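Colleague: I'd like to ask you about the structure that follows.
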4 protein chains.
Amino acid sequence: MPSLAIHRLPMAHPGDVSALTALIDRGAVAAGDIRAVIGKTEGNGGLNDFTRGFFTQTLMLLLARETGQDLAALAARIPCVLSGGTEGALSPHFLLFAVDRAAGGARGLALGTAFSPPTPAEQIGRDSQIEAVAQAVRDAMADAGIARAADVALVQVKAPCAQAPGPGARAGDPRLLMALSRAAAAFGVGRALGDIPEGGEDALLRDRHLFSNRVSISSGIEVVANEVVVFGQADGWAPGLTAGVAPMADLLDLPGVCAAFRAAGLEAAPAVPAAQRGRVLGVIAKGEPDAAGAIRGARHTMLGDTDLDAQRHLRGALGAIVASVAGDGQVFVSGGAEHQGPPGGGLVCVFARD
Amino acid sequence: MPSLAIHRLPMAHPGDVSALTALIDRGAVAAGDIRAVIGKTEGNGGLNDFTRGFFTQTLMLLLARETGQDLAALAARIPCVLSGGTEGALSPHFLLFAVDRAAGGARGLALGTAFSPPTPAEQIGRDSQIEAVAQAVRDAMADAGIARAADVALVQVKAPCAQAPGPGARAGDPRLLMALSRAAAAFGVGRALGDIPEGGEDALLRDRHLFSNRVSISSGIEVVANEVVVFGQADGWAPGLTAGVAPMADLLDLPGVCAAFRAAGLEAAPAVPAAQRGRVLGVIAKGEPDAAGAIRGARHTMLGDTDLDAQRHLRGALGAIVASVAGDGQVFVSGGAEHQGPPGGGLVCVFARD
Amino acid sequence: MPSLAIHRLPMAHPGDVSALTALIDRGAVAAGDIRAVIGKTEGNGGLNDFTRGFFTQTLMLLLARETGQDLAALAARIPCVLSGGTEGALSPHFLLFAVDRAAGGARGLALGTAFSPPTPAEQIGRDSQIEAVAQAVRDAMADAGIARAADVALVQVKAPCAQAPGPGARAGDPRLLMALSRAAAAFGVGRALGDIPEGGEDALLRDRHLFSNRVSISSGIEVVANEVVVFGQADGWAPGLTAGVAPMADLLDLPGVCAAFRAAGLEAAPAVPAAQRGRVLGVIAKGEPDAAGAIRGARHTMLGDTDLDAQRHLRGALGAIVASVAGDGQVFVSGGAEHQGPPGGGLVCVFARD
Amino acid sequence: MPSLAIHRLPMAHPGDVSALTALIDRGAVAAGDIRAVIGKTEGNGGLNDFTRGFFTQTLMLLLARETGQDLAALAARIPCVLSGGTEGALSPHFLLFAVDRAAGGARGLALGTAFSPPTPAEQIGRDSQIEAVAQAVRDAMADAGIARAADVALVQVKAPCAQAPGPGARAGDPRLLMALSRAAAAFGVGRALGDIPEGGEDALLRDRHLFSNRVSISSGIEVVANEVVVFGQADGWAPGLTAGVAPMADLLDLPGVCAAFRAAGLEAAPAVPAAQRGRVLGVIAKGEPDAAGAIRGARHTMLGDTDLDAQRHLRGALGAIVASVAGDGQVFVSGGAEHQGPPGGGLVCVFARD
């Protein structure tokens, strides 16, 4: 019976995996048990953010050396969901998810992974991507042994983009294609979980009332397929870990943030007490600049700033709120929350041990 | 006996004073009663942020038209403390402080203002600036009728800088001169209040253990003198308003933020309840990127980002935390907290009505 | 018979008109003779660039004081075409065009101005804007006394935009609306001059082979109408000034730049000789980042940079090339050259005295 | 007798070495012959630019695979001088310098390389770094067989920096330390060549009249030693290649740029004719924003821009001027020209074949 272990590790720069090397060297993690990585690098989070690819290459080199497996095979098996941008209080780090097949228990937090087939630029933001993601979610649930959609806590996806979309692409602007890729992936997850039962490519970025509150999507040019990681409750997994998830109604929804920590069994009044901080194993948050240009009636300036990208604005703000509750800046915050919550809102997911 | 009124007004852009025009037109504010303005414009907050000067010019034009007074005389009498940069959840707005001499009460929140003589570039960051600010604080306390330093809640200063410091300046880099100006002004306030009883120009930016937690300084090239606004308790002022102040130990000190709101008589558990939000009249926060490069042991990336200025990082993060408690983004947040709190920390001041 | 005078004046910051004040004070310019202003301020050139509005306000205040005319009347009569962004070698400055009715000659460089009716957001990028600009060009030609389209050297337009386009606007993204406004204005000029004889709103931003090489458009939220300035040869104007115009085939077309200077009667081999630099009265250049992502087969990175806006990239590059020929950085360079030259190309216009 | 080959190769992103892989695969280059790499990646060129490390890692992985040599040994033998930042017209690319020992001739363009011992943060900007670089230049000259300093055309150095300088470092601000490292390396080269015969660490960044016009320095945290590449004339090397070098008096010195191309045997009137462009093998340019804040009396805004780093301004401007002469954007442009030319000036070096 398998057991999930979550390690939160710092990085000194995007090419630094020394914290993982140390864990492996002292036997705390077996390289072959690593199933997924979710991390934040210190780039700008946009099209020309190469810190994600740099970290992935460095990590896979380490794993190849440790496991003797081929680089390409590792990259095709282990989802490496990286989001660039550690604005404000955020701190570069990565979450390492390892599964020890020997351990086990009656019912606990399970992890499953799956990759869709490669998605060329022409398929991004199309029905074919939606369905490919839906199938990958079903595959990842099966991989985890999660029986029902209701048992899924969170689905994290890294969806592809293209730096220079060709004439066959749905959008010539790669930034728009990036948003379409996130939207299609969210629809795919929503379809698999029943959260977005209907709606196809025409509804992407348009019918904003359609969303799932259990999904977090990043998009980037450094992946070629939709990489899916599913978390949820399943039989046969060791107990002791919890994933607490709560929606955020808008960017300033501090009670929503606190609710996620409480759902993970922690106090948050308003911050997690120092004595409980060690129980926090990882935090994932998703949000977006309200497209209406205002939050609770007060105009914000995130969308019209020529010098500072809207998503950099967003991550700095959302990250600080979540970090102020969590107690430190090692929070995975990603902007671009299309169909991943109500317009202007988002979600928070907290991994904690009992 | 005088009465202080605080109005929090939005601006659609840095040249927009229509909200004040409307207040004046309907008789809610007499232009001649305006004593001070503290506001946030949507620039970058740095040397080449001209939104502050644009707003000031527009405001003074309105007041000149309404009062018949000379532009220069108004600018030399009414402190207009503007801070650029509304990153993340922050919203451009200004606080208008008006004093109605006819009203009154037994003891209440008082406001006093004063200007130092013009401070040329050569005096910035020198003992002469420290002493000039200290004297202006004493003058402003006298103006308000605040008898004792212990009765002062907050001193807000706008200190001058120079775009192209000449050879006689203490620093040739205008960014460093800006920091020295803030530091000297903080020392001046600390000297007047007894919070920083000793220490001269040599200690600026060096002896970081010397600080006052009742001072907020902005610096910019758009002012030529140190403009001082003092808030505190004094006899003869109308009751009904409170200024609650609390220090922040570091950027993530959410309990510290909540404490300031509670000091102003509001609940904050964790956010101000919707029913009480209307009682919030204004919020001022001050902070800085921790110079050690880490917050609670987690590395931050604010100081080494070539594309995004450290103070823009800071304001987006601090502003979001404070706004998530206050309930909206109309929060005055200013970076550069040298000697205005412990290293890496800051303060929050909340103006509220009973 | 009228005579055109062109003054090139520096600004120390966007609120600085002291160079003009000095000219007026010593009698070198009569405030009432000023017919148009074209200038570069040091903002970011984007939606949230308020340096343009700040300069305009400051300039109009000076002119109102000097002429005794109403601010609004002046703003509705004198086109003030400002472009933000002085990246790289560029230097903030403005060109002042004054017409002395008393002077005169047989035939020379003429200037005419006109304003279209206000263009609300819903009309931007529509056939109605195209026609309104075409009519304003005809009006400005009549104002100048320019008889034939062939005699027009350059038409400079400042076209409106909207910060928050409503549902009736052709584009919800204000950046796209800005581009549509420039495109429609270019079509309007092209229609009036016969350079773009056909093509309506559907062709904007699409049929890039339709362009005029005698037009330069800026767009911004600080104007509400299309403000048009026409330069060309007309009878009855004093001789002595030349406007030399040449197209640029792409961003690196240095021979094209040199050709414009030679068309204005100057040597450029490759730079204007020091002895002739004083004859340069003003330089206007227009260009755009090649949408194909490459220049002469070499990939450029202007379009996918999350931290640095494509137009800021463009202005820094184009501005430096033109300034290296002109001999200094007081060059008006504006990005966004839709239909103002071949795709990826642009134009240069040089004003010089004999 | 050895022969130098220079290949100019594009990169699609900082992890792309496919152009080199293709060269090796078709036998045009032997991996073991590669002696040095000089390239431009598309980062921001500052402290947090990780594109340089990403490219180096990718390149060394390829060379390790092809040569069977150890990664660390390769990195310690082959200087890989990368400069981030392809603003404006610049295009990401790298120059590959390969030496074929079997070929040969009587006298031609020679290349030599050397590494100093590792330079810890405490030694950066000190006399010990100056002398270490001087010795490495002598070693590299010996490696090339260049007999006299007068025969040296250009010395390119990549000097180390530290992301978080400790208390023993000469500067706590890593940006300042980066400048000190460039300055010390320039002094080291100047000492070895006799261009800066005297002056020690106290003169760095201060005595700006001390400079060499045959040196180009980049600095970055991705190297730990001073990596030196020397180019010059030497006996026994195959003829056919030329390195033409010319100083630039200031950023707008277009005649200076043209002079470098002519020194390499090309026409430049003003641009290299299309028929000769294929003879250009590589271009290196160095410059800096004039610290006086003006170029030829016209104020520039590079130094006070809070949103856009001064070196990004500089590279975009200088790169465009050089590219407009060269004919395309594959130009190595690096800012930070302390002691590498007169204040505000720089140099251009053109590699061409006959």
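Colleague: For B:Gly220, what residues show an amide H to amide H distance below 5 Å, using hydrogens built from the backbone and excluding near sequence neighbours?
Modeller: B:Ala159, B:Cys161
Colleague: Where does the charge balance sit around C:Leu82 when Lys and Arg score +1, Asp and Glu -1, over other residues with C-beta under 12 Å from its C-beta?
Modeller: It works out to a net charge of -1.
Colleague: Counting only residues 5 or more places away or on other chains, whose amide H sits under 5 Å from the amide H of D:Gly341 once H atoms are built in the peptide plane?
Modeller: D:Ser212
Colleague: Is the shape of the protein assembly as shown best called rounded, prolate or oblate, per the rule: a/c under 1.5 gives rounded, else a/b larger than b/c gives prolate, else oblate, with a ≥ b ≥ c the square roots of the Cα gyration tensor eigenvalues? Present the calculation step by step, with values, prior to reporting the outcome.
Modeller: Working: a/c = 1.35, a/b = 1.00, b/c = 1.35.
Rounded, since a/c falls under 1.5.
Colleague: Here's something else I'd like to know. Given a Förster distance of 60 angstrom, what is the FRET efficiency for B:Arg101 paired with A:Asp207, based on the Cβ-Cβ distance and rounded to 0.05? Present the calculation step by step, with values, prior to reporting the outcome.
Modeller: Values: r = 58 Å, r/R0 = 0.96.
According to the calculation, E is roughly 0.55.
Colleague: OK, next. Give a quick list of trypsin sites (Lys or Arg not before Pro) in region A:118-183 that DSSP marks as loop, anything other than H, G, I, E or B, with at most 15 other Cβ atoms within 10 Å. Spell out each step's value before the answer.
Modeller: Values: sites: A:Arg126, A:Arg138, A:Arg148, A:Lys158, A:Arg170, A:Arg175, A:Arg182; in loops: A:Arg126, A:Arg148, A:Arg170.
Sparse-neighbourhood loop trypsin sites (Lys or Arg not before Pro): A:Arg148.
Colleague: Let's see if you can work this out: charge +1 on each Lys and Arg Cβ, -1 on each Asp and Glu Cβ, no other charges. What is the dipole magnitude of the protein assembly as shown about its Cα centre, in debye to the nearest 20?
Modeller: For the protein assembly as shown, the charge dipole is close to 0 debye.
Colleague: Rounded if a/c is under 1.5, else prolate if a/b is larger than b/c, else oblate: which is chain A, with a ≥ b ≥ c the root eigenvalues of its Cα gyration tensor?
Modeller: Taking the square roots of the gyration eigenvalues as a ≥ b ≥ c, chain A is rounded.
Colleague: From the label point of A:Ala291, set 7 Å along Cα to the beta carbon, how far off in nm is each other copy's matching point, shortest first?
Modeller: 2.3, 4.5, 5.1
Colleague: Over the protein assembly as shown, give the accessible area per residue in Å² for a 1.4 Å probe, as an integer.
Modeller: Accessible area per residue: 30 Å².
Colleague: Sort out for me the Cα centre separation of region B:183-215 from region D:109-124, rounded to whole Å.
Modeller: 45
Colleague: Distance in whole Å from the A-onto-C rotation axis to the closest C-beta of chain A, together with the residue it belongs to, please.
Modeller: Result for the A and C rotation: A:Asp307, 4.
Colleague: Also, I was wondering about something else. Relative contact order of region B:3-100, please, whole-number percent, based on alpha carbon pairs below 8 angstrom and at least 6 residues apart.
Modeller: 50
Colleague: Also, I was wondering about something else. What average count of beta carbons from other chains do you get within 10 Å of the Cβ of residues in A:253-259? Working shown, then result.
Modeller: On the way: counts 2, 13, 4, 1, 2, 4, 0.
The per-residue average across the peptide is 4.
Colleague: To continue, here is another question. Within the protein assembly as shown, what whole-number % of the accessible surface is contributed by carbon and sulfur, with the 1.4 Å probe and all protein chains included in the calculation?
Modeller: Carbon with sulfur: 53 percent of the solvent-accessible area.
Colleague: About the Cα centre, and with charges only on the beta carbon of Lys, Arg (+1) and Asp, Glu (-1), how big is the dipole of chain A? Nearest 20 debye, please.
Modeller: That gives a dipole near 560 debye.
Colleague: Which one, C:Leu241, C:Pro343, C:Pro289, is farthest towards the positive end of the dipole of region C:241-353 when Lys and Arg carry +1 and Asp and Glu -1 on their Cβ?
Modeller: C:Leu241
Colleague: Please list D:His13, A:His7, A:His300 from largest to smallest accessible area, probe radius 1.4 Å, with all protein chains kept in place.
Modeller: Putting D:His13, A:His7, A:His300 in descending order of accessible area: D:His13, A:His7, A:His300.
Colleague: Ok, one more. Treating the point 7 Å from Cα along Cα-beta-carbon as the label, what are the nm separations from C:Ala142 to the other copies, to one decimal?
Modeller: 6.8, 7.7, 8.5
Colleague: Turning to a different aspect of this structure: Given axes a ≥ b ≥ c from the Cα gyration tensor, I'd like to know whether region B:3-100 is rounded (a/c under 1.5), prolate (a/b larger than b/c) or oblate. Show your work: numbers first, answer last.
Modeller: Details: a/c = 1.89, a/b = 1.46, b/c = 1.30.
In terms of gyration-tensor shape, prolate.
Colleague: How far, in nm to one decimal, is B:Arg277 from itself in the other copies if the label point is set 7 angstrom along Cα toward Cβ? Shortest first, please.
Modeller: Listed shortest first, these distances are 3.0, 5.8, 5.9 nm.
Colleague: Something else now. How large is ³J(HN,Hα) for each residue in region D:202-212, as worked out from phi by the Karplus curve 6.51 cos²θ - 1.76 cosθ + 1.60 (θ = phi - 60°), to whole Hz, x for Gly and Pro?
Modeller: Rounded to whole hertz, the list is 5, 8, 5, 6, 10, 8, 6, 6, 8, 7, 10.
Colleague: Given H placed on each backbone N at 1.01 Å, which residues far from A:Glu267 in sequence or on other chains put an amide H within less than 5 Å of it?
Modeller: Amide H to amide H, under 5 Å and 5 or more residues apart or across chains, A:Glu267 pairs with nothing.
Colleague: Quick one: which of A:Lys286/B:Lys40; C:Lys40/D:Lys286; B:Lys286/D:Lys40; C:Lys286/D:Lys286; A:Lys40/B:Lys286 span more than 29 angstrom between C-alpha atoms?
Modeller: From the list (A:Lys286/B:Lys40; C:Lys40/D:Lys286; B:Lys286/D:Lys40; C:Lys286/D:Lys286; A:Lys40/B:Lys286), the Cα-Cα distance tops 29 Å for B:Lys286/D:Lys40.
Colleague: Still on this structure: Net charge within 10 Å of C:Thr242 by Cβ-Cβ distance, Lys/Arg positive one each and Asp/Glu negative one each, not counting C:Thr242 itself?
Modeller: In short, +1.
Colleague: For C:Thr119, what accessible surface area do you get with a 1.4 Å probe? Give it in Å², rounded to 10.
Modeller: Counting only protein heavy atoms, C:Thr119 exposes about 10 Å² to solvent.
Colleague: Moving on to the next point. Using the crude model of +1 on Lys and Arg Cβ and -1 on Asp and Glu Cβ, and no other charge, please compute the dipole size for region A:170-302 relative to its Cα centre, in debye to 20.
Modeller: Taking the Cα centre of region A:170-302 as origin, the dipole is about 340 debye.
Colleague: Another question, if that's okay. Between the DSSP loop rule and a limit of at most 16 other Cβ atoms within 10 Å, which GluC sites (Glu not before Pro) in region A:138-229 are left?
Modeller: Numbers: sites: A:Glu198, A:Glu201, A:Glu222, A:Glu227; in loops: A:Glu198, A:Glu222.
Qualifying residues, ordered by number: A:Glu198.
Colleague: B:Ala19 to B:Arg279: FRET efficiency via 1/(1 + (r/R0)^6), r the Cβ-Cβ distance, R0 22 Å, to the nearest 0.05? Walk me through the intermediate numbers first.
Modeller: Details: r = 20 Å, r/R0 = 0.89.
FRET efficiency, B:Ala19 to B:Arg279: 0.65.
Colleague: B:Glu198: net charge of surrounding residues, Cβ under 14 Å, Lys/Arg +1, Asp/Glu -1, itself excluded?
Modeller: Summing Lys and Arg as +1 and Asp and Glu as -1 gives -4.
Colleague: What do you reckon, how do A:Asp33, B:Asp139, A:Asp307, A:Asp202 stack up by accessible area (1.4 Å probe), largest on top?
Modeller: Working: A:Asp33 50, B:Asp139 70, A:Asp307 20, A:Asp202 105 Å².
The residues order as A:Asp202, B:Asp139, A:Asp33, A:Asp307, largest area first.
Colleague: Could you identify which residue out of B:Ala264, B:Ala149, B:Ala317 has the top mean-square fluctuation in a GNM of chain B using Cα springs shorter than 10 Å?
Modeller: B:Ala149
Colleague: Excluding ligands and nucleic acids, what accessible area in Å² is computed for D:Met141 using a 1.4 Å probe, to the nearest 10?
Modeller: Accessible area, nearest 10 Å²: 20 Å².
Colleague: Enter the mean number of other protein chain beta carbons within 10 Å of the beta carbon of each residue in A:326-333, as an integer. Working shown, then result.
Modeller: Details: counts 2, 5, 6, 11, 4, 1, 0, 0.
Averaged over the peptide's residues, the number is 4.
The values are calculated or read from the model by the stated rules, or taken from the named source; none is laboratory data. Fair warning: this is a prediction, and the values are worked out from it, not measured in the lab. Glycine gets a Cβ as well: all are built from the backbone with ideal geometry, and neighbour counts include every protein chain shown. Each accessible area value is taken on the protein alone, full model and side chains, heavy atoms only, with ligands, DNA and RNA left out. Shrake-Rupley method; radii C 1.70, N 1.55, O 1.52, S 1.80 Å.
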